[in-house]
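Take a look at the structure below.
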Amino acid sequence: MARRKLVAGNWKMNGSRAALTELDAIAQAAATRPGVDVAVALPATLIAPAAERAPALSIGAEDVHAADHGAHTGCISAAMVKEAGARFSIVGHSERRADQGETDADVKAKAEALHRHGLHAIVCVGETLDEREAGHAEAVVTAQIAGSLPDGASGDWCSIAYEPVWAIGTGRTPTADDVAAMHGAIRAKLRELIGGEADRLRILYGGSVTPDNARELLHVADVDGALVGGASLTAAKFVPVIAAAR
Ligand code: PEP
């Protein structure tokens, strides 16, 4: 089945209002490539000004709380990011799983909160280097899928991002064959869990995607796009990644 490619940026804890000028060229690149969906996840403080500056671009959050409101100091809900102009959020990024101890159940609840508010969820999974070297990568990732996939997951509002932890921000990437094998295993797990709907979910690859390797990685079987950290911070690097998706 043909799935539209999705290229999503993740600025992490980087950027400022001044840096939002980068979105102008990114929005222009998105507008001239109607076959590719382009999205940028930003720190919460930048969502509203970014959505105002680039209304045609899909602006999102990097995380949300699973609850709609309440006594959760420092957290932000799906409804709040939606009001600020977000159309999606990343959930379960490995940095949050590691730094904040988020579990699969937490990630699932966050994705379901996004759906309640009409937002798209990008659910991240990925193995550590130790897990890959021990030969457990597929078992770890498919277990994360089983635990993190929101109830009723549909391609209309949910995507998966496979991000090997050892490839994030390191300049290292798996081989195209390894990516194909993992994306195939994820698709098979999704079929087991949600049947034919599995073919409508996009599975993004993330981890050291750059203008140099994007063409190869984005055209591996079952790779439906990319989640891009460092190379999404400037239009000079992100626009060629978007261009490589076609
Ligand atoms: C990420 O943080 O999701 C990511 C893929 O980062 P980078 O592209 O910098 O490896």
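The values are calculated or read from the model by the stated rules, or taken from the named source; none is laboratory data. These numbers were taken from a predicted model, which means no experiment stands behind them. With ideal geometry, Cβ positions are generated from the backbone for all residues, glycine too; neighbour counts draw on all protein chains shown.
Residues that are small (Gly, Ala, Ser) and in contact with a strand residue (DSSP E or B) (Cβ under 7 Å, 6 or more places away or on another chain) were ranked within segment 79-103; the one that is farthest from the ligand (Cβ to nearest atom) is 85. Contact map, segment 216-229: residues that are within 12 Å of residue 177 (Cα to Cα) and at pLDDT 95 or above paired with residues that are assigned to a strand (DSSP E or B) and away from the ligand (no atom under 13 Å from the Cβ), Cβ distance under 8 Å, separation 6+ or inter-chain. Pairs shown: 222/203; 223/203. Scanning for something of a type in the set (D, E, K, R), in a loop (DSSP other than H, G, I, E, B) and either closer than 27 Å to residue 20 by Cβ or touching a helix residue (DSSP H, G or I) at 6+ places or on another chain (Cβ under 9 Å) (or both), does segment 191-211 turn up at least one residue? Within segment 191-211, none of the residues are of a type in the set (D, E, K, R), in a loop (DSSP other than H, G, I, E, B) and either closer than 27 Å to residue 20 by Cβ or touching a helix residue (DSSP H, G or I) at 6+ places or on another chain (Cβ under 9 Å) (or both). All told, residue 155 meets the bar of being within 16 Å of the chain's Cα centre (by Cα) and either in a loop (DSSP other than H, G, I, E, B) or crowded, with 17+ Cβ neighbours inside 10 Å (or both).
Scanning segment 70-118 for residues being assigned to a helix (DSSP H, G or I) and either without any contact (Cβ under 8 Å) to a residue 60 or more places away in the chain or in contact with a Phe, Trp or Tyr (Cβ under 6 Å, 6 or more places away or on another chain) (or both) gives a total of 23. Of all residues in segment 193-214, one or more are over 18 Å from the mean Cα position of the chain (by Cα), charged (D, E, K, R), away from the ligand (no atom under 16 Å from the Cβ) and farther than 23 Å from residue 41 by Cβ.
Applying the criterion of at least 1 residues that are touching a Phe, Trp or Tyr at 6+ places or on another chain (Cβ under 7 Å) and of a type outside the set (A, V, I, L, M) to the strands (runs of 3 or more DSSP E) found wholly in segment 1-69 leaves 5-10, 58-61.
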